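The values are calculated or read from the model by the stated rules, or taken from the named source; none is laboratory data. Owing to the predicted nature of the structure, the values given are computational and were not obtained by experimental measurement. All Cβ positions, even for glycine, are placed from backbone atoms using ideal geometry, and neighbour counts span all protein chains on display. All accessible areas refer to the heavy atoms of the entire protein, side chains included, with ligands and DNA or RNA removed. Shrake-Rupley method; radii C 1.70, N 1.55, O 1.52, S 1.80 Å.
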Amino acid sequence: SQTIHQWPATLVQPVGSPLSLECTVEGTSNPNLYWYRQAAGRGLQLLFYSVGIGQISSEVPQNLSASRPQDRQFILSSKKLLLSDSGFYLCATNSGSPPYEQYFGPGTRLTVT
Amino acid sequence: SQQGEEDPQALSIQEGENATMNCSYKTSINNLQWYRQNSGRGLVHLILIRSNEREKHSGRLRVTLDTSKKSSSLLITASRAADTASYFCATDGKTSGSRLTFGEGTQLTVNP
């Protein structure tokens, strides 16, 4: 079964600083990968998803970007953080075939100050 | 935009009682799934119901799906304090491929 690692677990960054969040997946090859953001007490907003190396789809225009340099590595980045980038960031993969159950990492809590 | 909407937003019950959460969605779906999230953690898949199914059971969980009303319910029977968590429904639309759309969630508190 898949295991998803995310780091760091928590991060406090000043406005205007860069961001790099990393997600790696074990136990599967060529996974679909997803980045979600969750505001406090809210549901999940899909930010990016990737079906393969170098293939990134953006769901909403924003201050963030994503990259997939290796098959099981997914990176979320920003050149200059905004206060509104604060939130809980979750990386996920899926079961690989329909129906697409998703498996989530432990998340990164980002606070922009 | 989020397709799924859960209600209630928050539910507080006593141990041993049943908890019912509802989810509504807007477009045609292939499947509907329910996930659980403990505070500050990732989501965990609970149960999936296909669009051609009306009811499904897994342990103390019972899920129903009414595609004519575009709604689903999750029933947790004989609740325990350890069931305290947020519960989310998620749908995969017929044109969304593997992407899921999550609702806003129901925060369930089970008091011992």
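Odds and ends about this structure:
- Residue check for B:ILE13: within 12 Å of chain A (Cβ to nearest Cβ) and on the phi < 0 side of the Ramachandran plot: no
- Restricting A:LEU44, A:LEU33, A:LEU64 to residues that are within 26 Å of B:GLY93 (Cα to Cα), away from chain B (no Cβ under 14 Å), open to solvent by less than 40 Å² (accessible area, probe 1.4 Å) and out of contact with any Pro (no Cβ under 6 Å at 6 or more places or on another chain) narrows the list to A:LEU64.
- The listed residues are B:ILE47, B:ILE76, and the only one of them that is among the β-branched types (Val, Ile, Thr) and under 22 Å from A:LEU33 (Cα atoms) turns out to be B:ILE47.
- In a residue-by-residue description of the stretch A:39-53, the property of being hydroxyl-bearing (Ser, Thr, Tyr) and out of contact with any Ser or Thr (no Cβ under 8 Å at 6 or more places or on another chain) applies to no position.
- Evaluated against (1) open to solvent by 10 Å² or more (accessible area, probe 1.4 Å); (2) within 13 Å of the chain's Cα centre (by Cα), A:GLY107 falls short on exactly one condition, (1).
- Residue that is assigned to a strand (DSSP E or B) and at pLDDT below 95, where the choices are B:ASN22, B:ASN31: B:ASN31
- Residue count for the stretch A:78-89 under the criterion of being without any contact (Cβ under 8 Å) to a residue 60 or more places away in the chain and surrounded by 14 or more Cβ atoms within 10 Å (Cβ to Cβ): the result is 3.
- Test for A:GLN55: is it within 14 Å of chain B (Cβ to nearest Cβ) and at pLDDT 95 or above: no
- In the set B:GLY103, B:GLY97, only one residue is open to solvent by 10 Å² or more (accessible area, probe 1.4 Å) and either at pLDDT below 95 or more than 19 Å from A:GLN102 (Cβ to Cβ) (or both); that residue is B:GLY97.
- Residues of the stretch B:97-112 that are facing chain A (nearest Cβ under 7 Å) and part of a loop (DSSP other than H, G, I, E, B): B:SER98, B:ARG99, B:LEU100, B:GLY103, B:GLU104, B:GLY105.
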